[in-house]
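Just below is one structure, and these are the notes that go with it.
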Amino acid sequence: MSSTIAPGTVKKSLSVHAAIGLLAGALLYIVSLTGTVAVLYQELQRVEQPDMPEMAAISSAAVQSGVEAVLASEAGKPPTTHLYVHLPVEALPRTTVTTDTQAVHLTQDGAIAGPEEIAWSDFLVNLHYTLNLPTLVGITIVGILGVMMLALALSGVVAHPRIFRDSFRLRARNGNGVGLADWHNRLSVWTLPFSVAIALTGALIGLASVTAYGIAVNDYDGDVEAVYSPIFGAEGEADMRPAAVPDVAGALDHMAREYPDVRVTYAIIHDPLTRGQHVQIVGEHERRLIFGEYYAFNADGQFEHVAGLSDGPLGQQAAASTYQLHFGSFGGLPVKLAYILFGIALTAVCATGIYIWLGKRRRRGIDEPRLRGAWHGLVVGTPVVLALTLAARLVFGNDLPFALIFWVLLLLAIIGAVSISRPKRGRQGVVSEIPA
């Protein structure tokens, strides 16, 4: 007994298969594009709020005053679990205090200058990190995309034995898409070290969260912080009885005196205004990829220990190096410009890869103009919609639902491109190539 599948069903199944491939490619494209723009995260914050106080440095006494003012302003609110002080750095010369409920800028003398309003910059980073989905779900998907990108980069090299030999060979553009394929292959070769580094670190960052969650559930009664403590240091025992504001100034003075070559970037208070509170100072080390070293202090500003990110086991140092390597936040402006250039090339590789794939399917007789139209809408629509949301932020303010606006406008752009997509007919009624 045999059965056959109707041709219409086969055609629909092929279209569904292609659509799934297109969706994966679309997410890779969005993540690559937003990651390229997010390299300028610090600079974009200054674009969003150009009138906030800026300074090359701030005194420890002024930081202490700012911390006290912010904690006093939260009287009557639920207690914050952490307080972060962002200290001035070259790319973002501002002092900002962030709690669980607010973020404010400080003046040079430690007074509150006004709220931090960087909703668009945060939307952009969340789009890159989680695709604006719930954190664990979104960051896991992005981590899987990192694995896919790594597999595509390495398999592309294996699949094209002459790819390095022909790394500067560009053939003429023609109806078979050879010119487009050459540009795709050349850009892939030129950006290969960058692509591998970005894909590998992206996969590590993305999948680390779900891995840590699984280990925590299985071995630590759901305590995720216990999983990370061997790398970044333990939180310490909680004691929620009330206490005075900790001596952050003392910790900063100790850093200036004992570690003058360390560039302090953050001061963090854990469980502020409780007896279990303690202070961590984060400091960058010159010529190192680690995002910083953690220096632990008690509430009286007395030094306790170093976490070991700068000189601990190699695995610990490697874990602390993934963030800067992924976002290009080391080496100053030249490195950022290089990441932007390579990021644009990587985004182009993602875009042209799908065009080549769709072109090959059409040459095999599987013509899907609406899928091609959808891809046109995504490739053109994503940067345009990002620009429109930024313009809306600058014109209408900080309180817009940027994620909703982005996804709605992008969906409309894709639907519009699909609706106007029609197969082009040749002289004898044969479907002809649409230039990519």
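Values quoted throughout were computed directly from the atomic coordinates according to the rules given, and no laboratory measurement underlies them. The structure displayed is predicted, hence computed values, not measured ones. Neighbour counts are summed over all protein chains in view; Cβ atoms, including those assigned to glycine, are modelled from backbone coordinates with ideal geometry.
Can you bin the range 282-321 into rounded, prolate or oblate? Criterion: square roots of the alpha carbon gyration tensor eigenvalues sorted a ≥ b ≥ c, rounded for a/c under 1.5, prolate for a/b above b/c, oblate for the rest.
prolate
In which sequence would Arg186, Arg241, Arg263 go, from the one with the fewest C-beta neighbours within 10 Å to the one with the most?
Arg241, Arg263, Arg186
So how far, in whole Å, is the C-alpha centre of the range 346-377 from the one of the range 229-276?
53
Would you order Thr211, Thr347 from fewest to most other beta-carbon atoms within 10 Å of each residue's own beta-carbon?
In increasing order of surrounding Cβ atoms, one gets Thr211, Thr347.
Using amide H atoms built 1.01 Å from N in the peptide plane, name the residues 5+ places from Thr265, or on other chains, whose amide H lies under 5 Å from its own.
So Thr265 has HN proximity to Val282, Gly283, Glu284.
Efficiency by 1/(1 + (r/R0)^6): what FRET value for Tyr220 and Val306, r their Cβ-Cβ distance, R0 = 30 Å, to the nearest 0.05? The partial results should precede the final answer.
Values: r = 24 Å, r/R0 = 0.80.
After rounding to 0.05, the efficiency reads 0.80.
Quick query: amide H of Val89 versus all other amide H atoms, modeled in the peptide plane; which residues come in under 5 Å with a sequence gap of 5 or more or a different chain?
Here Arg94 satisfy the definition.
Rounded, prolate or oblate: which fits the range 357-398 when a ≥ b ≥ c are the square roots of the eigenvalues of the alpha-carbon gyration tensor, with rounded for a/c under 1.5 and prolate only if a/b beats b/c?
Note, shape of the range 357-398 comes out prolate.
Which of Val89, Tyr129, Met240 sits farthest toward the positive end of the charge dipole of the chain, with +1 on the Cβ of Lys and Arg and -1 on the Cβ of Asp and Glu?
Toward the positive end, the furthest listed residue is Tyr129.
Add -39500 (n - 2.57) for each DSSP H run of 4 or more in the chain, then divide by its residues: what number comes out at 222 nm, to the nearest 500 deg cm²/dmol? Could you put the intermediate results ahead of the total?
On the way: 13 runs with 243 residues, N = 436.
About -19000 deg cm²/dmol.
According to the square roots a ≥ b ≥ c of the eigenvalues of the Cα gyration tensor, what is the shape class of the chain, taking rounded for a/c under 1.5, prolate for a/b larger than b/c otherwise, and oblate for the remainder?
Prolate, since a/c reaches 1.5 and a/b exceeds b/c.
Apply the membrane-span-like helix rule to the chain: whole DSSP H runs, Cα extent along the own long axis of at least 27 Å, mean Kyte-Doolittle hydropathy at least 0.5. List the helices found.
Qualifying helices, which must be both long enough and hydrophobic enough, are 7-38, 135-159, 192-219, 333-363, 369-396.
5 Å is the cut-off here: which amide hydrogens, built 1.01 Å from N in the peptide plane, fall below it relative to Thr274, excluding neighbours closer than 5 in sequence?
Residues meeting the amide H criterion: Ala243.
Would you please give the FRET efficiency between Arg364 and Glu90, computed as 1/(1 + (r/R0)^6) with r the Cβ-Cβ distance and R0 = 51 Å, to the nearest 0.05?
Working: r = 54 Å, r/R0 = 1.05.
Once rounded, the FRET efficiency stands at 0.40.
First select every other residue whose beta carbon is under 12 angstrom from the beta carbon of Ala216; then total the charges, Lys and Arg +1, Asp and Glu -1.
Overall, the nearby charge balance is -4.
Test of understanding: ordering Asp311, Asp221, Asp271 by Cβ neighbours within 10 Å, fewest first, what list do you get?
Values: Asp311 12, Asp221 8, Asp271 23.
Lowest to highest Cβ neighbour count: Asp221, Asp311, Asp271.
What length, rounded to one decimal in nm, is gained on full extension from Trp190 through to Leu154, with 0.36 nm per residue of separation minus their alpha-carbon distance?
Going from the current span to full extension adds 11.6 nm.
Ordered by packing density, taken as the mean number of other Cβ atoms within 10 Å over each peptide's residues, highest first, how do 58-69, 40-51 rank?
In decreasing order of mean packing, 58-69, 40-51 become 58-69, 40-51.
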